[in-house]
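The values are calculated or read from the model by the stated rules, or taken from the named source; none is laboratory data. On a predicted model such as this, the values are computed, not experimentally measured, just so you know. Methodologically, a virtual Cβ is constructed for each residue, glycine included, from the backbone with ideal geometry; neighbour enumeration extends over all protein chains shown.
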């Protein structure tokens with residue numbers, strides 16, 4: 001009789017995030033140990049990306065077992081689930097490497113953030129994260145709450161974006177502008193928002209899912225402003241918004 005477990009066995013791949021590696025010796029020790037385990041077909045460890053890409057036979061082992069093996073070597077390890085995304089932020093207000101370390105340490109400790117890489121020279125930060133546990137906007141808000149001006153430059157691995165323009169009447173001062181931007185920014189799947197007092201409009205970039213131009217219009221309307229959807233366009237690329245007026 002045919003062994004059904006063998007008939008349905010497949011080789012699959014996965015990623016284990018590893019923290020605590022300091023040199024190529026760490027990389028080699030992990031690769032050498034994991035490669036000899038039953039069911040492991042191949043492994044490639046990256047010191048820079050702090051992760052291991054592993055191919056294995058799923059009838060012999062699994063990612064959780066392999067993760068435990070890595071942890072027994074003295075490293076912190078966790079399975080990287082599906083939904084990995086990457087966001088690049090413009091970060092203003094950093095003055096030294098202490099600022100860099102503070103942001104990296106705080107973001108790296110948040111649930112769902114795999115890696116934080118900050119450039120003082122470019123005034124930018126690149127964050128890899130699980131979009132099922134944390135959003136790009138929540139990462140931006142965390143940096144902002146630390147005392148730095150942060151804005152989203154680009155988000156990768158998201159199917160589509162929508163740039164909606166809402167006409168807003170009734171704004172009288174910059175306090176109105178800030179209150180609208182704050183309220184809309186708190187909405188899940190909103191990535192960026194800029195409100196222009198001069199043009200009487202709000203530009204919002206959001207992920208095409210639960211958020212729609214109509215729901216944004218109603219949100220601002222409920223704040224006491226007259227609103228109307230002026231434009232809503234889907235795009236495959238993230239639109240970086242700038243203040244205009």
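Among the strands (runs of 3 or more DSSP E) lying completely within region 128-245, list those that include at least 3 residues that are modelled with pLDDT under 85 and in contact with a strand residue (DSSP E or B) (Cβ under 6 Å, 6 or more places away or on another chain). Show your work before the answer.
Working: elements: 149-156, 161-169, 190-196, 201-207, 226-235.
Strands (runs of 3 or more DSSP E) meeting the threshold: 149-156, 161-169, 190-196, 226-235.
Residue 29 - would you say it is modelled with pLDDT of 85 or more, in the same structural domain as residue 139 (by TED's automatic domain parsing) and not in a strand (DSSP E or B)?
Details: modelled with pLDDT of 85 or more: yes; in the same structural domain as residue 139 (by TED's automatic domain parsing): no; not in a strand (DSSP E or B): yes.
The answer is no for residue 29.
Whether any residue in region 124-131 is in contact (Cβ under 8 Å) with a residue 40 or more places away in the chain, farther than 20 Å from residue 48 by Cα and either outside the structural domain of residue 18 (by TED's automatic domain parsing) or out of contact with any helix residue (DSSP H, G or I) (no Cβ under 7 Å at 6 or more places or on another chain) (or both) is what I want to check. So that I can check it myself, show each step before the final result.
Taking region 124-131 as the starting set, the residues that turn out to be in contact (Cβ under 8 Å) with a residue 40 or more places away in the chain are 126-131.
With the extra rule that they be farther than 20 Å from residue 48 by Cα, the set shrinks to 131.
Pick out the ones that are also either outside the structural domain of residue 18 (by TED's automatic domain parsing) or out of contact with any helix residue (DSSP H, G or I) (no Cβ under 7 Å at 6 or more places or on another chain) (or both) and you get 131.
Yes, region 124-131 contains a residue that is in contact (Cβ under 8 Å) with a residue 40 or more places away in the chain, farther than 20 Å from residue 48 by Cα and either outside the structural domain of residue 18 (by TED's automatic domain parsing) or out of contact with any helix residue (DSSP H, G or I) (no Cβ under 7 Å at 6 or more places or on another chain) (or both).
Out of 48, 68, I need the residue that is out of contact with any helix residue (DSSP H, G or I) (no Cβ under 9 Å at 6 or more places or on another chain), loosely packed, with under 14 Cβ neighbours inside 10 Å, farther than 11 Å from residue 14 by Cβ and modelled with pLDDT under 90. Which one? Give the derivation first.
On the way: 68 fails: modelled with pLDDT under 90.
Every option except 48 fails the conditions.
Among the candidates 110, 90, which residue alone is in the same structural domain as residue 136 (by TED's automatic domain parsing) and either touching a strand residue (DSSP E or B) at 6+ places or on another chain (Cβ under 6 Å) or under 25 Å from residue 24 (Cβ atoms) (or both)? Walk me through how you get there before you give the answer.
Values: 110 fails: either touching a strand residue (DSSP E or B) at 6+ places or on another chain (Cβ under 6 Å) or under 25 Å from residue 24 (Cβ atoms) (or both).
Result of the check over 110, 90: 90.
Exactly one of these conditions fails for residue 40: (1) in contact with a helix residue (DSSP H, G or I) (Cβ under 8 Å, 6 or more places away or on another chain); (2) farther than 14 Å from residue 13 by Cβ; (3) modelled with pLDDT of 90 or more. Give me its number.
Status for residue 40: all satisfied but (2).
Among the residues of region 92-109, write down those that are closer than 19 Å to residue 48 by Cα and part of a loop (DSSP other than H, G, I, E, B).
Residue satisfying the conditions is 109 alone.
Say whether the condition of being part of a strand (DSSP E or B) and touching a strand residue (DSSP E or B) at 6+ places or on another chain (Cβ under 6 Å) is met by at least one residue in region 63-72. Explain how you work it out, then say what you get.
Of all residues in region 63-72, those part of a strand (DSSP E or B) come to none.
No - not one qualifying residue is present in region 63-72.
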